[in-house]
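Visitor: The structure that follows is given in the form of structure tokens.
The values are calculated or read from the model by the stated rules, or taken from the named source; none is laboratory data. Here the structure is a predicted model, which means the values were calculated and not measured. Note that we place each Cβ from the backbone using ideal geometry, even for glycine, and neighbour counts take in every protein chain shown. The accessibility values were calculated without ligands, DNA or RNA, using every heavy atom of the protein model including side chains. Shrake-Rupley method; radii C 1.70, N 1.55, O 1.52, S 1.80 Å.
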Amino acid sequence: MITLLIATNRPESNSAKVAAHVVEIYAEKGVPLHVLDLHTLPPEIFSPSSYATKPAAFGPFQDAISTATGLVVVMPEYNGGFPGVFKYFVDMLKFPESFVGKPFAFVGLSAGLGGAGRPIAQFQVLVTYLQGVLYPASVFIPGIYGHLDETGRLKTPELIERIGKQAEGFAKFVQRFA
Ligand SMILES: Cc1cc2nc3c(=O)[nH]c(=O)nc-3n(C[C@H](O)[C@H](O)[C@H](O)COP(=O)(O)O)c2cc1C
């Protein structure tokens with residue numbers, strides 16, 4: 001199954017709202033996603049002792065990555081980069097095997113004009129280093145606050161269509177690596 005990763009732990013995150021809509025769009029195409037939200041990381045993982053010994057509650061997070069056939073990352077832009085907690089999460093995963101041969105697709109969002117192009121490009125360097133595989137078409141959402149309705153769903157038809165095209169393309173891409 002493809003895992004969707006929400007790359008922040010910020011409460012009331014717009015990334016989580018966009019992720020919920022992305023899940024719907026994939027489901028409409030017959031592609032179920034397993035959601036991993038960094039907001040639900042167990043607090044014990046932030047203990048310095050976790051570098052050596054992972055808390056048991058981190059197991060489902062590692063499993064969701066290890067067993068994923070592909071990863072869709074919903075990525076917000078923080079200070080021109082990706083959230084620190086996301087890097088910390090990657091640092092907690094088993095090395096070197098966690099990303100090897102895994103296809104990655106990205107949906108980025110920001111309050112400003114960047115649309116998380118920079119954080120996605122930065123993170124793609126790590127994915128390549130860790131021997132993951134990049135799906136070439138990302139979706140960038142600049143000015144996120146103008147694209148959400150009062151229920152937190154994306155209201156811009158062009159963006160919904162782009163995510164739908166990405167979902168179709170990525171689902172086929174993932175099959176090539178199965
Ligand atoms: C720590 C932090 C840093 C941010 N830095 C940027 C930035 O560099 N550029 C930008 O356009 N928006 C920036 N923003 C705004 C976020 O892109 C915007 O709030 C977006 O909704 C963040 O995703 P989230 O809601 O999932 O946390 C920042 C927000 C936070 C919390």
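Visitor: Just order 34-43, 146-155 by mean Cβ neighbour count inside 10 Å, highest at the front, would you?
Guide: 34-43, 146-155
Visitor: Okay, moving on. Ranked from the most accessible area to the least, with a 1.4 Å probe and all protein chains present, what is the order of MET1, MET92?
Guide: Heavy-atom accessible area, descending, gives MET1, MET92.
Visitor: Per-residue accessible area for GLU77 at 1.4 Å probe radius, Å² rounded to 10?
Guide: It works out to around 40 Å².
Visitor: Between 0 and 90 degrees, rounded to the nearest ten: what's the tilt of helix 157-176 against the longest Cα principal axis of the chain?
Guide: 40 degrees
Visitor: Still on this structure, I have one more. Taking only protein heavy atoms and a 1.4 Å probe, what accessible area per residue, in Å², does the range 68-155 have with all protein chains in place?
Guide: The answer is 43 Å² per residue.
Visitor: While we're here: Once you have a ≥ b ≥ c as the square roots of the Cα gyration tensor eigenvalues for the range 1-58, tell me rounded if a/c is under 1.5, and otherwise prolate or oblate according to whether a/b is larger than b/c.
Guide: Cα axes put the range 1-58 in the oblate bin.
Visitor: Leaving out ligands, DNA and RNA, what percent of the accessible area of the range 2-177 is carbon and sulfur, probe 1.4 Å?
Guide: After summing per-atom areas, the C and S share lands at 59 percent.
Visitor: So for the range 2-177, averaging the separation of alpha carbon pairs under 8 Å that are six or more residues apart and normalising by length, what relative contact order in percent results?
Guide: Once divided by the residue count of the range 2-177, the mean separation gives 25 percent.
Visitor: Where both residues lie in the range 2-177, what percent of DSSP beta bridges are antiparallel, nearest 5?
Guide: The answer is about 10 percent antiparallel.
Visitor: For helix 117-129, what angle does its Cα long axis make with the longest principal axis of the chain, in degrees from 0 to 90 and rounded to 10?
Guide: 40 degrees
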